1. Of the conditions (1) closer than 25 Å to Gln17 by Cβ; (2) out of contact with any strand residue (DSSP E or B) (no Cβ under 6 Å at 6 or more places or on another chain); (3) modelled with pLDDT of 85 or more, Gly38 fails just one. Which one is it?
2. Just need a number here: residues in the stretch 10-33 that are closer than 13 Å to Gln76 by Cα and either touching a Phe, Trp or Tyr at 6+ places or on another chain (Cβ under 6 Å) or assigned to a helix (DSSP H, G or I) (or both).
3. Being modelled with pLDDT of 90 or more and not hydroxyl-bearing (Ser, Thr, Tyr), is that true of even one residue in the stretch 3-20?
4. Pull up the stretch 72-102, narrow it to residues that are of a type in the set (Val, Ile, Thr) and modelled with pLDDT of 80 or more, then point me to the one that is farthest from Asp18 (Cα to Cα).
5. Considering only residues that are over 12 Å from the mean Cα position of the chain (by Cα) and basic (Lys, Arg), look in the stretch 17-53 and name the one that is nearest to Val98 (Cα to Cα).
6. Among the strands (runs of 3 or more DSSP E) confined wholly to the stretch 38-109, which include 1 or more residues that are touching a His at 6+ places or on another chain (Cβ under 9 Å) and within 19 Å of Lys27 (Cβ to Cβ)?
7. Cβ-Cβ below 7 Å, separation at least six or inter-chain, first residue in the stretch 69-90 and under 23 Å from Gly38 (Cα atoms) and in contact (Cβ under 8 Å) with a residue 40 or more places away in the chain, second surrounded by 12 or more Cβ atoms within 10 Å (Cβ to Cβ) and β-branched (Val, Ile, Thr): which pairs?
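The values are calculated or read from the model by the stated rules, or taken from the named source; none is laboratory data. Keep in mind that this is a model prediction, so the values were computed, not measured. With ideal geometry, Cβ positions are generated from the backbone for all residues, glycine too; neighbour counts draw on all protein chains shown.
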Amino acid sequence: MYLRITSGRLPLLTLGQDIEYTIAEDKSCVLIRGAKNGHYLETPKLRALKHSLHVALRPELGATYPQILTPIDNEQVLRFRVSETAEELAGLDYHFKVYINPIDFLGGE
């Protein structure tokens, strides 16, 4: 189950303050843009600070599985293979959807 993003504070606490993002209209996820590098589209450096992040490529750009970051992972740049050119990607308002998944730190059963 993903967290509903009801304020701008939640992405700041989860993604960090260096990421430019937009909150989706339905408040289900954070939308971010990537950068083209060869045949790959890369995210900005992401770090899951308090919850896990499920990062999915925009469906129009290709069908891939979401990549998952957890707080124990270091800051990472995620790469997704795409066939679109940099000009085609520049016209899109976002490239990735980042869903925030809460983590139970208590480890209860």
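1. (1)
2. The number of residues fulfilling the criteria is 1.
3. no
4. Val82
5. The residue in question is Lys27.
6. Where strands (runs of 3 or more DSSP E) fall fully within the stretch 38-109 and carry at least 1 residues being touching a His at 6+ places or on another chain (Cβ under 9 Å) and within 19 Å of Lys27 (Cβ to Cβ), they are 96-101.
7. Listed pairs, sorted by first residue: Phe80/Thr64.
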